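Have a look at the structure below, then the notes.
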Amino acid sequence: RVRWRDPLGEVGLGVQDDTSDLWSVGAAPALRAPLSPHLDAALSLHGRAEGATTRTLAGAPEARSRGVGRAQLGLPLARGPLSVWPTASLVGVTGPAGGGTLLALPRAAVALDLGRVAVSATGGASGRPPDLIVLYGDRGAQGGNPTLRPERGLGADLGVAGGADGARAELVVLAARQRDLVVWLPTPQWVARTENVGVAGL
């Protein structure tokens, strides 16, 4: 439970005395089974229901709720010094009036261990639906934005590690490109509002 009180209207858009009740309940089962001496199947699921009810000085309580689900299937393969782990993920969020969001996120990782030297690489897609706070704010200094789009991106990294006699060094190079990144932007009324940034890179 979060309460925001601003009896003099010093922050935000006037006098406020708002109370928000936040709740979330879910489960995350996982299963890993061998398919062959070198190949496994790894399945993980995550599902939750979450919501928020806000009570203000004026008006009836406003309740919002949604469901969030994630399913990920990986096929880790280890044969000698080589390990390969491809994964496929689906992330879904229910929305108002029967709408919602579904993200498909493929990813793969490769590692080669040659003893004193090891090389690894990963790459794939990422995505994150907006949470309830960035969508609707806290009714105080954070305004929220219910029209936000999910964050989506592509990323990759390449690493080389090596060592001897108890010493080890590692070098990793990263590259990422994010689309519709969610950021907080200030407004003239001292209330931050969330918006999507077109493209952000690393």
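The values are calculated or read from the model by the stated rules, or taken from the named source; none is laboratory data. Since we're looking at a predicted model, the values are computed, not measured. Cβ placement follows ideal geometry from the backbone for every residue including glycine, while neighbour counts extend to all protein chains displayed. Heads up: the accessible areas ignore ligands, DNA and RNA and are worked out on the full protein's heavy atoms, side chains in. Shrake-Rupley method; radii C 1.70, N 1.55, O 1.52, S 1.80 Å.
Some values worked out for this structure:
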{"item": "Pick from the range 144-158, criterion small (Gly, Ala, Ser) and out of contact with any Leu (no Cβ under 6 Å at 6 or more places or on another chain), ranking: farthest from Val197 (Cα to Cα)", "result": "Ala156"}
{"item": "Residue in the range 146-161 that is among the hydrophobic types (A, V, I, L, M, F, W, C), farther than 26 Å from Val84 by Cβ, in contact (Cβ under 8 Å) with a residue 24 or more places away in the chain and surrounded by 16 or more Cβ atoms within 10 Å (Cβ to Cβ) present", "result": "yes"}
{"item": "Failed item, numbered, when Val182 is tested on (1) in contact with an Asp or Glu (Cβ under 9 Å, 6 or more places away or on another chain); (2) part of a strand (DSSP E or B); (3) surrounded by fewer than 17 Cβ atoms within 10 Å (Cβ to Cβ)", "result": "(3)"}
{"item": "Residue match in the range 35-47 (condition: at negative phi, modelled with pLDDT of 95 or more, touching a strand residue (DSSP E or B) at 6+ places or on another chain (Cβ under 8 Å) and assigned to a loop (DSSP other than H, G, I, E, B))", "result": "no"}
{"item": "Which listed residue is touching a residue at least 40 places away in the same chain (Cβ under 8 Å) and within 30 Å of Leu35 (Cα to Cα), from Arg79, Arg107", "result": "Arg79"}
{"item": "Elements of type strands (runs of 3 or more DSSP E) in the range 71-136, at least 1 residues being crowded, with 17+ Cβ neighbours inside 10 Å", "result": "82-94, 100-113, 117-128"}
{"item": "Subset of the range 24-53 [of a type in the set (Gly, Ala, Ser), open to solvent by less than 50 Å² (accessible area, probe 1.4 Å) and within 16 Å of Gly92 (Cβ to Cβ)]", "result": "Ser44, Gly47, Ala49"}
{"item": "Tally, over the range 6-23, of residues that are within 30 Å of the chain's Cα centre (by Cα) and exposed (fewer than 13 other Cβ atoms within 10 Å of the Cβ)", "result": "1"}
